[in-house]
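Starting off with a structure, shown below.
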Amino acid sequence: MNQDKKEFMAEAIRLAKENLKTGKGGPFGAVVVRDGKIVGKGGNSVTSTNDPTAHAEINAIRDACKNLNTFQLDDCEIYTSCEPCPMCLGAIYWARPKKIYYACNKQDAANAGFDDSFIYDEINIPLNDRKIPANQMMQQEAQEVFKEWIILESKIEY
């Protein structure tokens, strides 16, 4: 393993450990790297910000996008102290980095009390049978917005 990659992962782990000391959130950290330099950092801040989406990876993505003035990270790598949860994995795919490196896996997280297996299970269950039911409504009205988007000349595609 490349020494730089180890240093980037060590920084993600350091951010996770720092969270134990500061109490900002769970024991997770992440960094975004471009051209061999850290361009975004994040620690989990769910409990300190009362934001269930404030996971380390998402915070690092937000920081990197702000610092790079872009909404896509296609020339970047993400280093995270733990295998991304389903939400973070979705955010990572939307950000489009070229690679993900992680330290702990989802079983390690589950052993520490962070078990996401129920979310993976829920994804495969029909919408109306899930623990949180989803009901579709006003589809035609909402489709009008998509129709306008399709013909909008000033849109920025992503």
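Among Ala109, Ala12, Ala64, determine the one that fluctuates most according to a GNM of the chain built with springs between C-alpha atoms less than 10 Å apart.
Among Ala109, Ala12, Ala64, the largest mean-square fluctuation in the Gaussian network model of the chain belongs to Ala109.
Could you give me the ³J(HN,Hα) list for segment 61-72, computed from phi with Karplus coefficients 6.51, -1.76, 1.60 and θ = phi - 60°, whole Hz, x at Gly and Pro?
My calculation for segment 61-72 gives 4, 4, 5, 5, 4, 5, 5, 9, 6, 8, 10, 10 Hz in order.
Only Cα pairs within less than 10 Å get springs; with that Gaussian network setup on the chain, which residue of Asp115, Asp75, Asp129 has the largest fluctuation?
Of Asp115, Asp75, Asp129, the most mobile in the Gaussian network model is Asp129.
Related question: Looking only at the chain, where both bridge partners belong to it, what percent of the DSSP beta bridges are antiparallel (to the nearest 5)?
70
Follow-up question, since we're still on this one. In sequence order, what are the phi-derived ³J(HN,Hα) couplings for segment 134-140 according to the Karplus relation 6.51 cos²θ - 1.76 cosθ + 1.60 with θ = phi - 60°, rounded to whole Hz, with x for glycine and proline?
Those phi angles translate into 10, 10, 7, 7, 6, 4, 4 Hz.
On C-alpha positions alone, give me the angle between the axis of helix 86-95 and the longest principal axis of the chain, in degrees, nearest 10.
Rounded to the nearest ten degrees, it is 80.
For an R0 of 30 angstrom, estimate the FRET efficiency from the Cβ-Cβ distance between Glu141 and Thr53 and round to the nearest 0.05. Write down the numbers at each step before the final one.
Details: r = 27 Å, r/R0 = 0.90.
It comes out at approximately 0.65.
What angle, in degrees between 0 and 90 and rounded to the nearest 10, separates the Cα long axis of helix 3-22 from the longest principal axis of the Cα atoms of the chain?
Here the helix axis deviates by roughly 80 degrees.
Divide, for the chain, the radius of gyration over alpha carbons by 2.2 N^0.38 Å, where N is the residue count.
1.19
Could you name the lysines whose alpha carbon sits less than 30 Å from that of Lys131, not counting residues in the same chain fewer than 8 places away?
Candidates past the 8-residue exclusion: Lys24, Lys106.
Could you name the lysines whose alpha carbon sits less than 22 Å from that of Lys147, not counting residues in the same chain fewer than 8 places away?
Lys155
No value in this document is a laboratory result; all are computed from the given coordinates. None of these values were measured; they are calculated from a predicted model. Don't worry about glycine lacking a Cβ; one is built from the backbone with ideal geometry, like all the others, and counts go over all protein chains shown.
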